[in-house]
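Have a look at the structure below, then the notes.
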Amino acid sequence: MVTIAVTAEAAEEPRVAVSPETVKKLAGLGATVRVESGAGLRSRFSDDVLKAAGAEIMGDRAATLAGADILLKVRRPSVDEIKALKPGAMVIAMLDPYGDDAGMKAAAETGASLFAMEFMPRITRAQSMDVLSSQANLAGYKAVVDAASMFEQAMPMMMTAAGTVPAAKVFIMGVGVAGLQAIATARRLGAVVTATDVRPATKEQVASLGAKFIAVEDDEFRQAQTATGYAKPMSAEYQAKQAELVASHIKGQDIVITTALIPGRPAPRLITKEMVADMKPGAVIIDLAAERGGNCELTEPGKTVEVGGVRIAGPINLPGTVPVNASSLYAKNLLTFLDTMFDKKEKVLAIDWDDEIIKGTLIAKDGAIVHPNLLPKAA
Ligand code: NAD
């Protein structure tokens, strides 16, 4: 019998790596699911609900981990947690491996097989395992709802006997998963929405959601998408043209939501302090790239700052502010991934180490870091 352990996250992380639905389905795969008492509480999954779904609720963390084959987490577990598992066990989490070589080395040296869910290849088969998408979608939604609540005016146009309330103007910068959901949410609230991106494929997506696309559409723009569907870093010339366009457009906006990211790099700087100075007092910027340095020069991660009447929020875990949905979707991503690792007939683990989703997410095995992105580059 394969034993799966789920322990509580740290105080700043409200999500959990399991849901009642996934407990039931993991049991169906032939696994015993042990959950540390209280681990699901902040996602409103009580011990009783998880127990009814088939989980064994354990009184403490040590009992949850002792000799388990697999540990599921949202964030990277401590080395002590990993060491409490069966030797060579599997750990599946958002490991956030960049920029912490020492921490990753220590985790690797436990001998566990470490999988980073955020490294899931973006191929059709793996869409249902894509944690970046499942969480970014919620972040895009919540950014608009938070902005609407900070904004001291209404979002939709209202024609009343006492006069007309204008529709809020919302500008979305970066139209990936989060940006698309932000557009859809802002449109549902009745805002007039514009959006920008450097990938040409987004132009049609923006239009199909009823928003207006704004971008510098030169030759470089036409080639800005990599084979894997991500944005390339843009040249200094392009950035200058883009800045000019953004500067003139942003002046008239009420709410700006920025989501622009380039994998493995700091977030591109799209809004300067001069542009903020030109914005209307009462305008709101929500910078979803805060954790990666921010798209706005004035963003402070984890804080809301006010400059010249413009409020700039740099939330660092928006999916964690909708933990019930975020945990359910994250847990489902984990379940779909785990499903590929089981021999359904024998109800045992049967991992195909050559599978591209295993190779793509495997960070460490047998005591060493193995992922090419994390190995020292040959000179
Ligand atoms: P992301 O979080 O890496 O970036 C967000 C957006 O910022 C992207 O649209 C990017 O083009 C944009 N951006 C980067 N630099 C910019 C700049 N200087 N100015 C303006 N915008 C800039 O992206 P994401 O949300 O993870 O999605 C990237 C792509 O991957 C999308 O095409 C998405 O549809 C695709 N995708 C595929 C799968 C799959 O097939 N499994 C799953 C999820 C996403």
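Between 0 and 90 degrees, rounded to the nearest ten: what's the tilt of helix 323-339 against the longest Cα principal axis of the chain?
50
Shape of segment 238-292 from its Cα gyration tensor (a ≥ b ≥ c, root eigenvalues): rounded if a/c is under 1.5, otherwise prolate when a/b > b/c, or oblate?
oblate
For the chain, take the longest principal axis of its alpha carbons; what is the angle in degrees between that and the long axis of helix 177-188, to the nearest 10 within 0 to 90?
The angle comes out near 50 degrees.
Provide the gained length on full extension for the span residue 48 to residue 353, in nm with one decimal, where the gain is 0.36 nm per separating residue minus the Cα-Cα distance.
Going from the current span to full extension adds 106.2 nm.
Which entries of 241/377; 232/377; 25/73; 142/303 have Cα-Cα distances beyond 22 Å here?
241/377
Using a 7 Å offset from the Cα along the Cα-to-Cβ direction at both residue 366 and residue 11, what is the distance between the two label points in nm, to one decimal?
My value for the distance between the label points is 4.2 nm.
Residue by residue through segment 201-210, what is 3J(HN,Hα) from phi via Karplus (6.51 cos²θ - 1.76 cosθ + 1.60, θ = phi - 60°)? Round to whole Hz and write x for glycine and proline.
Listing the rounded values in order: 4, 6, 4, 5, 4, 5, 4, 5, 8, x Hz.
Taking amide H positions as placed in the peptide plane 1.01 Å from N, state which residues far from residue 363 in sequence (5 or more) or on other chains have amide H under 5 Å from it.
Amide H neighbours of residue 363, under 5 Å, 5+ apart: 114, 115, 116.
Rank by packing, highest mean first: peptides 108-121, 292-305, 130-143, with packing defined as the count of other Cβ atoms within 10 Å averaged across residues.
Packing proxy ranking, top to bottom: 130-143, 108-121, 292-305.
Compute, for residue 348, the solvent-accessible surface of its heavy atoms (probe 1.4 Å) with the complete set of protein chains present, and express it in square angstrom to the nearest 10.
Here the residue's solvent-accessible area equals roughly 70 Å².
Tell me whether segment 115-267 comes out rounded, prolate or oblate; compute the Cα gyration tensor, take square roots of the eigenvalues as a ≥ b ≥ c, and use a/c under 1.5 as the rounded threshold.
oblate
Distance in nm between label sites at residue 248 and residue 153, each 7 Å beyond Cα in the beta-carbon direction?
2.2
Heavy-atom accessible area of residue 356 with all protein chains present, probe 1.4 Å, nearest 10 Å²?
100
Distance between the C-alpha centers of segment 152-205 and segment 279-340? Whole Å please.
So the separation of the two Cα centres works out to 18 Å.
So what's the back-of-envelope 222 nm ellipticity for the chain, counting only DSSP H runs of four-plus at -39500 (n - 2.57) apiece and dividing by all residues, rounded to 500?
-9000 deg cm²/dmol
Just to be sure I understand: of the beta bridges DSSP finds with both ends in the chain, what percent are antiparallel, rounded to 5?
Antiparallel: roughly 25 percent of the beta bridges in the chain.
Would you work out what percent of the accessible area of the chain, with all protein chains in place, is carbon or sulfur (probe 1.4 Å)?
Percent of accessible area from carbon and sulfur atoms in the chain: 55.
Between residue 75 and residue 204, what's the calculated FRET efficiency when r is the beta-carbon distance and R0 is 56 Å? Round to 0.05.
So, using R0 = 56 Å, E works out to roughly 0.95.
Please state the charge dipole magnitude for segment 214-338, taken about the Cα centre, from unit charges on C-beta atoms (+1 on K and R, -1 on D and E), reported in debye and rounded to the nearest 20.
Charge dipole, segment 214-338, about its Cα centre: 400 debye, nearest 20.
With a sphere of radius 13 Å drawn around the Cβ of residue 26, what net charge do the other residues whose Cβ falls strictly inside it have (Lys, Arg +1; Asp, Glu -1)?
Neighbourhood net charge equals +2.
The values are calculated or read from the model by the stated rules, or taken from the named source; none is laboratory data. Just so it is clear, the structure is predicted and the values come from calculations on it, not from any experiment. No Cβ is skipped: glycine too gets one built from the backbone with ideal geometry, and neighbour counts run over all protein chains shown. Remember, those area values only see protein heavy atoms, side chains included, never the ligands or the DNA or RNA. Shrake-Rupley method; radii C 1.70, N 1.55, O 1.52, S 1.80 Å.
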